[in-house]
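Below is one structure; the comments refer to it alone.
The values are calculated or read from the model by the stated rules, or taken from the named source; none is laboratory data. These numbers were taken from a predicted model, which means no experiment stands behind them. Cβ coordinates were reconstructed from backbone atoms using ideal geometry, including for glycine residues, and neighbour counts include every protein chain displayed.
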Amino acid sequence: MALRLRPIRSTDKAALTRFHKRLSDDTRYRRYHAAKGDLTTSDLKYLTEVDGHVHIALVAEVTPPELDGVAGPVADFVGAPEVADLAGVARIVGDPEHPGQAEVAIVVRDDAHGHGLGAELIEGVLERGRQEGVKVAVAQVQADNHRALRLFQGLGFRQRSGHGPVVELVHPLDEDLAA
């Protein structure tokens, strides 16, 4: 599967709806920390209409075979599908109560797990967050989500708290990401 990372767009509502419907109940639960049905109009607005400064989101878009190797705006111009096929989404959202701190969240389609896409998406949003002045990234991960814990820890996140169902991991962004 050929993918390209790009910022989410307000026009990605239909693509995000299709993406969300393809997620297993377990993947949805792990992303939202609760059972999550269909995305509401309000959810879609929040998730796709981001400012790119305080709220940054990247998508991994499946590249149609005929556009494999064609980059960015050129792909859009020469005929990328109107409704993208998404394989993953990551975001970083600033915390107004803690300037310089932002929460990171990620979800990858079940059939795309285990191929390094999560790390690529997280590295992308962390770099964008760093450019926007984020000093510390925070991730809330369920304590039994060993895959996500390994992913974040492999990228340099360290446990700050967590004695129960959720572990809080932090990463100072003035440090280099782990290789």
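Quick one: in the range 119-159, of everything that is assigned to a strand (DSSP E or B) and touching a residue at least 60 places away in the same chain (Cβ under 8 Å), which residue is farthest from the chain's Cα centre (by Cα)?
Let us first name the residues in the range 119-159 that are assigned to a strand (DSSP E or B), namely 136-142, 158-159.
Still in the running and touching a residue at least 60 places away in the same chain (Cβ under 8 Å): 140, 142.
Values: Q140: 13, Q142: 16 Å.
The residue in question is Q142.
For G118, are the conditions met, namely being out of contact with any strand residue (DSSP E or B) (no Cβ under 7 Å at 6 or more places or on another chain) and within 28 Å of D12 (Cα to Cα)? Spell out how you get there, then give the answer.
Details: out of contact with any strand residue (DSSP E or B) (no Cβ under 7 Å at 6 or more places or on another chain): no; within 28 Å of D12 (Cα to Cα): yes.
Judged against the criteria, G118 is not a match.
Looking only at residues that are within 16 Å of R150 (Cβ to Cβ) and modelled with pLDDT under 75 in the range 160-179, which one is farthest from the chain's Cα centre (by Cα)?
G162
Consider A87 carefully, then state whether it is within 26 Å of L169 (Cβ to Cβ) and modelled with pLDDT of 95 or more.
Values: within 26 Å of L169 (Cβ to Cβ): yes; modelled with pLDDT of 95 or more: yes.
For A87, the condition - within 26 Å of L169 (Cβ to Cβ) and modelled with pLDDT of 95 or more - is met.
Every residue in the range 1-13 that is surrounded by 13 or more Cβ atoms within 10 Å (Cβ to Cβ) and assigned to a helix (DSSP H, G or I), please.
D12, K13
Report the residue count in the range 102-118 for those that are in a strand (DSSP E or B) and either under 10 Å from the mean Cα position of the chain (by Cα) or at pLDDT below 95 (or both). Before the answer, list the steps.
Step one: of the range 102-118, the residues in a strand (DSSP E or B) are 102-108.
From what is left, the residues that are either under 10 Å from the mean Cα position of the chain (by Cα) or at pLDDT below 95 (or both) are 104-108.
Matching residues across the range 102-118 total 5.
Anything in the range 2-60 that is closer than 20 Å to E123 by Cα and of a type in the set (A, V, I, L, M, F, W, C)? List them, or say none.
Those that are closer than 20 Å to E123 by Cα and of a type in the set (A, V, I, L, M, F, W, C): A2, L3, L5, I8, L47, V50, V54, I56, A57, L58, V59, A60.
State all residues of the range 28-57 that are among the basic types (K, R), outside any helix (DSSP H, G or I) and in contact (Cβ under 8 Å) with a residue 40 or more places away in the chain; if no residue qualifies, say none. Spell out the reasoning first.
Of the residues in the range 28-57, the ones among the basic types (K, R) are 28, 30-31, 36, 45.
Then drop every residue that is not outside any helix (DSSP H, G or I), which leaves 36.
Residues satisfying the conditions do not exist here.
I'm checking my understanding of the structure. Among residues of the range 125-148 that are touching a strand residue (DSSP E or B) at 6+ places or on another chain (Cβ under 9 Å) and over 17 Å from I92 (Cα atoms), which one is surrounded by the most Cβ atoms within 10 Å (Cβ to Cβ)?
Within the range 125-148, the match that is surrounded by the most Cβ atoms within 10 Å (Cβ to Cβ) is N145.
How about the range 2-27: which of its residues are without any contact (Cβ under 8 Å) to a residue 24 or more places away in the chain and under 15 Å from the mean Cα position of the chain (by Cα)?
H20
Return the residues of the range 23-49 that are within 16 Å of H113 (Cα to Cα) and surrounded by 14 or more Cβ atoms within 10 Å (Cβ to Cβ); say none if nothing qualifies.
Keep residues of the range 23-49 that are within 16 Å of H113 (Cα to Cα), which gives 23-31.
Matches in the range 23-49: L23, T27, R28, Y29, R30, R31.
Tally up the residues in the range 154-168 that are under 19 Å from V125 (Cα atoms) and surrounded by fewer than 16 Cβ atoms within 10 Å (Cβ to Cβ), please.
Going through the range 154-168 one residue at a time, the tally reaches 3.
Results for (1) buried (at least 18 other Cβ atoms within 10 Å of the Cβ); (2) modelled with pLDDT of 95 or more, shown as yes or no for each residue.
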| residue | (1), (2) |
| --- | --- |
| D51 | no, yes |
| I56 | yes, yes |
| D76 | no, no |
| P81 | no, no |
| R91 | yes, yes |
